[in-house]
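Written below as structure tokens is the structure these notes are about.
The values are calculated or read from the model by the stated rules, or taken from the named source; none is laboratory data. Because the structure is predicted, anything quoted here is derived from the model rather than measured. So basically every Cβ, Gly included, is an ideal-geometry build from the backbone, and we count neighbours across all protein chains shown.
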Amino acid sequence: MALLLAFDTATSHLAVVLSNGKVPLASRTDATASLSHAEKLNIFIAEVLEETGHDMKDLSAVAVGTGPGSYTGLRIGLSAAKGLCFALGIPLIGMGTLEILVAEMQSGKSGFGPDDILFPMVDARRMEVYTRPFNGNGVSLEETAPLILDDAWCKASTTGAHTVVFGDGADKAKELWAQHPEITYIQGIRPDVHGLALCASAHFESGRSSNLATLVPEYGKPANVAQKRGAH
């Protein structure tokens, strides 16, 4: 049995799951706007282990969402995952939050073909999102980039392909999708329990793990840090 602990802290939706391979055994989620990941993450980890009667030493690997998303949230999640893996001597698995969103959407939805283009979207404030396209089989087609949602993007993204959008970034643009019925909008998809378990299991079974020392968050774009006047 591969006992996998997986969590994502990139967005306001905190999710923690303990799974036997891709089968969730216990999970905790919190979607409040308070962004209290630092307070709840370790509590949730302890709770899913206690609920299933397992100890930390039983874990086969720890998987963590690497973003893009909240700078603070990503640092909290990655620090926790690295600390656990270092202490336990087990593999660290870094998974893109957009990848988790695709797995979550596919775990509960059917009817999409391999030629469909899936756009998981993480909110980047205002009408900007972090996204990249995947085919209907969940294979990434491009690199992650910030994107401004507007009519021009909608028209350009629907030439010759069935486009599907989802995630908290897509949820904030409901009025835009209503004006473009050629785009399929799926509401309420988050980097949640089933997507985490599926991604963690796929990485673990294929032997894909991350370097404990060099894995860093995928912020999506540089932090907007202003230099003080006169600083060198």
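Where residues in region 24-41 are surrounded by fewer than 17 Cβ atoms within 10 Å (Cβ to Cβ) and free of Cβ contacts under 8 Å to residues at least 24 places away in the same chain, which of them is farthest from D168 (Cα to Cα)?
Among those that are surrounded by fewer than 17 Cβ atoms within 10 Å (Cβ to Cβ) and free of Cβ contacts under 8 Å to residues at least 24 places away in the same chain, it is E39.
Take the conditions over 20 Å from L49 (Cβ atoms) and in contact (Cβ under 8 Å) with a residue 12 or more places away in the chain and apply them to R125. Does it pass?
No; evaluated as a whole, the condition is false for this residue.
Just to verify a result, which residue in region 170-195, among those that are closer than 30 Å to P91 by Cβ and out of contact with any Phe, Trp or Tyr (no Cβ under 7 Å at 6 or more places or on another chain), is surrounded by the fewest Cβ atoms within 10 Å (Cβ to Cβ)?
Restricting to residues being closer than 30 Å to P91 by Cβ and out of contact with any Phe, Trp or Tyr (no Cβ under 7 Å at 6 or more places or on another chain), the top hit is H194.
From the set of residues in region 48-59 that are in a loop (DSSP other than H, G, I, E, B) and without any contact (Cβ under 8 Å) to a residue 24 or more places away in the chain, which is nearest to the chain's Cα centre (by Cα)?
Within region 48-59, the match that is nearest to the chain's Cα centre (by Cα) is D55.
Kindly indicate whether I45 is in a helix (DSSP H, G or I), in contact with a strand residue (DSSP E or B) (Cβ under 7 Å, 6 or more places away or on another chain) and of a type in the set (V, I, T).
So I45 passes the test.
Considering only region 155-170, I want to know if a residue exists there that is out of contact with any helix residue (DSSP H, G or I) (no Cβ under 9 Å at 6 or more places or on another chain), of a type outside the set (G, A, S), at pLDDT 95 or above and not in a helix (DSSP H, G or I).
No.
Check E142 against each of (1) farther than 24 Å from A81 by Cα; (2) touching a Lys or Arg at 6+ places or on another chain (Cβ under 6 Å); (3) not in a loop (DSSP other than H, G, I, E, B) and name the one condition it does not meet.
Answer for E142: the failing condition is (3).
Test of understanding: among P68, P91, which residue is at pLDDT 95 or above, out of contact with any helix residue (DSSP H, G or I) (no Cβ under 6 Å at 6 or more places or on another chain) and within 30 Å of A161 (Cβ to Cβ)?
P68
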